[in-house]
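The values are calculated or read from the model by the stated rules, or taken from the named source; none is laboratory data. Given the structure is predicted, the values throughout are model-derived calculations rather than measurements. Methodologically, a virtual Cβ is constructed for each residue, glycine included, from the backbone with ideal geometry; neighbour enumeration extends over all protein chains shown.
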Amino acid sequence: MTDSKYEVVIGLEVHTELKTNTKIFCSCSTEFGGEPNTHVCPGCLGMPGVLPVLNKRVVDFAIMAGLALNCQIAEFSKFDRKHYFYPDLPTSYQISQFDQPICKNGYLEIDINGEQKRIGINRIHMEEDASKLVHGGASIATSSYSLVDYNRGGVPLLEIVSEPDIRSPEEARAYLEKLKSILEYTEVSDCKMQEGSLRCDANVSVMPKGSKEFGTRVEIKNLNSFRALKKALEYEVMRHIQALEEGEPLIQETRTWDENKGITLSMRTKEEAHDYRYFPDPDLVPVIISREWVEEIRRNLPELPQARKERFMREYGLPAYDASIITSSKALAEYFDACVALYPEAKTVSNWLMGDLIRSLNAEDQDIRDCRIRPEMLVEMLRLIDNKTISGKIAKTVFEEMFQSGKKPADIVKEKGLVQITDQGEIEAMVDQVIEANPKSVEDFKSGKEKAIGFLVGQVMKLSKGKANPNMVNELLRKKLK
């Protein structure tokens, strides 16, 4: 995608809302979807005289995420006030962490074209989320007014800041996908990007290949899907290269992604850290973390994506590609584990998950946790194939009906009369009918054209409405034609 004369430099700032029941500094609910301005109190509305109290579960989750991302956990960290004036902050400052974050110097590894690449993680820090602006138009750039919903204000966040080690939009997407997977496995966040509980700001610049100095950096705000991240970066890289080629100046700024137009738009010139006037929050004591606290959380870390991938390859004999796809989602990996516990043909289960199941989920924009086909139902269908009650082709029809209705496979087979035909006499009569109706294909097969048998098998299956046993059809056709 990029001009070979240039090198792309990308760093990501990922914000993930933590899966706590209450906010970071007060007892208001973090539940998504409440009526506007109902999950609020004097504390998260910034009323005078109210003091914040740190939610310990937030610190637990920060330590857990840091360990899962190979970070050093600080024994001493503190909260700071980050000042900026915007309607989503009732106090005109955000409680965050500046020079002493809770986690530093981590990394995660991504797979790019079959090779592993390590992306450094500069820091992870705790902070409160800002409130939500509800725009009067399609986007902030096209709206004549905005309303403020303070429900989200004070929801606990982790900001995970990568090093500028990412060199393409493809690598950026792979990094975000891997990060999302790790956060899901640790259960520190539900990572529902459509609800804003995982979102990303991307910093991008372009420099001549071989240069030691980065180009002018631009930040793209609030990217909330893998597709948006990749498309926005592709556009921005192209814009930078075009400006460099034409000798036009680039300015350090913050931009927004317009999904409908497929372009980024300027929002404001980029502030530097000192513009925020950080200083230690006088209402919050420092966070002191003992080694015992860290080690207790380390002992209780769940199986992470890479470990589960290796286990699936070792225990089930799955190819690396299958194991990588299935373990990319914790819910999908648990679904697979549940299926294999009931039906030990792991590769057969993998094929159905990676084919029909994922395709159907994507088509309906549905999460596997909401899928009507439970593991025991999929296994029941596979057993119907094994005992020749239905063919593999009929199973596709059964699967589609299961996915839409949630009915059990045996009930679908019975209701729709989908039981496979295995009576030799009945199949033989259909074979004879097809041979008589297709003399040219018969002659083609007899003259050595092997593909002709596939056409004849298809005609028999069509005549039987997909219910004839395909192996018997193939066998009888070959026997009669020879």
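Before moving on, here are some points about what is shown:
- Residue that is surrounded by the most Cβ atoms within 10 Å (Cβ to Cβ), among those in the range 260-313 that are farther than 30 Å from residue 221 by Cβ and touching a Leu at 6+ places or on another chain (Cβ under 7 Å): 312
- Subset of the range 395-446 (residues that are small (Gly, Ala, Ser) and within 24 Å of residue 460 (Cβ to Cβ)): 395, 417, 425, 429, 437, 441
- Residue 6, sole failed condition from (1) farther than 20 Å from residue 201 by Cα; (2) buried (at least 22 other Cβ atoms within 10 Å of the Cβ): (2)
- Lone qualifier among 453, 412 - being over 30 Å from residue 379 (Cβ atoms) and at pLDDT 80 or above: 453
- Criterion: part of a helix (DSSP H, G or I), out of contact with any Cys (no Cβ under 6 Å at 6 or more places or on another chain), within 18 Å of residue 396 (Cα to Cα) and among the charged types (D, E, K, R) - qualifying residue of 415, 428, 436, 443: 415
- If you check 138, 202 for being over 24 Å from residue 27 (Cα atoms), in a loop (DSSP other than H, G, I, E, B) and hydrophobic (A, V, I, L, M, F, W, C), only one passes: 138.
- Selected residue (criterion: surrounded by the most Cβ atoms within 10 Å (Cβ to Cβ)) from residues of the range 122-134 that are assigned to a strand (DSSP E or B) and either free of Cβ contacts under 8 Å to residues at least 12 places away in the same chain or out of contact with any Ser or Thr (no Cβ under 8 Å at 6 or more places or on another chain) (or both): 124
- Residue within the range 106-121 that is among the small types (Gly, Ala, Ser) and either surrounded by fewer than 14 Cβ atoms within 10 Å (Cβ to Cβ) or touching a Gly at 6+ places or on another chain (Cβ under 6 Å) (or both) present: yes
- Of the criteria (1) surrounded by 15 or more Cβ atoms within 10 Å (Cβ to Cβ); (2) within 26 Å of residue 325 (Cβ to Cβ); (3) touching a residue at least 12 places away in the same chain (Cβ under 8 Å); (4) of a type outside the set (A, V, I, L, M), which one residue 376 fails: (1)
- Only residues that are crowded, with 20+ Cβ neighbours inside 10 Å and either in contact (Cβ under 8 Å) with a residue 40 or more places away in the chain or of a type in the set (Phe, Trp, Tyr) (or both) were counted in the range 317-333, giving 3.
- Single residue of 413, 340 found to be farther than 29 Å from residue 324 by Cα, out of contact with any strand residue (DSSP E or B) (no Cβ under 6 Å at 6 or more places or on another chain) and surrounded by 18 or more Cβ atoms within 10 Å (Cβ to Cβ): 413
- Within the range 234-259, considering residues that are under 20 Å from residue 196 (Cβ atoms) and in contact with a helix residue (DSSP H, G or I) (Cβ under 9 Å, 6 or more places away or on another chain), the one surrounded by the fewest Cβ atoms within 10 Å (Cβ to Cβ): 259
- Within the range 69-105, restricting attention to residues that are assigned to a loop (DSSP other than H, G, I, E, B) and among the polar types (S, T, N, Q), the residue that is surrounded by the fewest Cβ atoms within 10 Å (Cβ to Cβ) is 92.
- Filtered residues of the range 141-154 (kept if assigned to a loop (DSSP other than H, G, I, E, B) and surrounded by fewer than 18 Cβ atoms within 10 Å (Cβ to Cβ)): 143, 144, 145
- Within the range 34-55, residues that are closer than 11 Å to residue 90 by Cα reach partners that are hydrophobic (A, V, I, L, M, F, W, C) with beta carbons closer than 7 Å, at six or more positions or on different chains, in the pairs 42/50; 43/25; 43/26; 43/50; 44/26; 44/28.
- Meets criteria (in a loop (DSSP other than H, G, I, E, B) and buried (at least 21 other Cβ atoms within 10 Å of the Cβ)) for residue 189: yes
- The listed residue being within 30 Å of residue 234 (Cβ to Cβ) and surrounded by 14 or more Cβ atoms within 10 Å (Cβ to Cβ), out of 50, 14, 58, 40: 14
- Test: residue in the range 47-56 that is within 25 Å of residue 14 (Cβ to Cβ) and assigned to a helix (DSSP H, G or I): yes
- Subset tally (residues that are farther than 18 Å from residue 58 by Cβ, in contact (Cβ under 8 Å) with a residue 12 or more places away in the chain and in contact with a Phe, Trp or Tyr (Cβ under 8 Å, 6 or more places away or on another chain)) for the range 136-191: 6
- Exactly one residue among 49, 34 is at pLDDT below 95 and over 28 Å from the mean Cα position of the chain (by Cα), and that residue is 49.
- Which numbered condition residue 389 misses (of (1) more than 24 Å from residue 479 (Cβ to Cβ); (2) in contact with a Phe, Trp or Tyr (Cβ under 7 Å, 6 or more places away or on another chain); (3) hydroxyl-bearing (Ser, Thr, Tyr)): (2)
The rows are residues; the columns are (1) of a type outside the set (Ser, Thr, Tyr); (2) under 21 Å from the mean Cα position of the chain (by Cα); (3) assigned by TED's automatic domain parsing to the domain that holds residue 203.
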{"site": "254", "(1), (2), (3)": "no, no, yes"}
{"site": "261", "(1), (2), (3)": "yes, no, yes"}
{"site": "266", "(1), (2), (3)": "no, no, yes"}
{"site": "284", "(1), (2), (3)": "yes, no, yes"}
{"site": "318", "(1), (2), (3)": "yes, no, no"}
{"site": "327", "(1), (2), (3)": "no, yes, no"}
{"site": "336", "(1), (2), (3)": "yes, yes, no"}
{"site": "341", "(1), (2), (3)": "yes, no, no"}
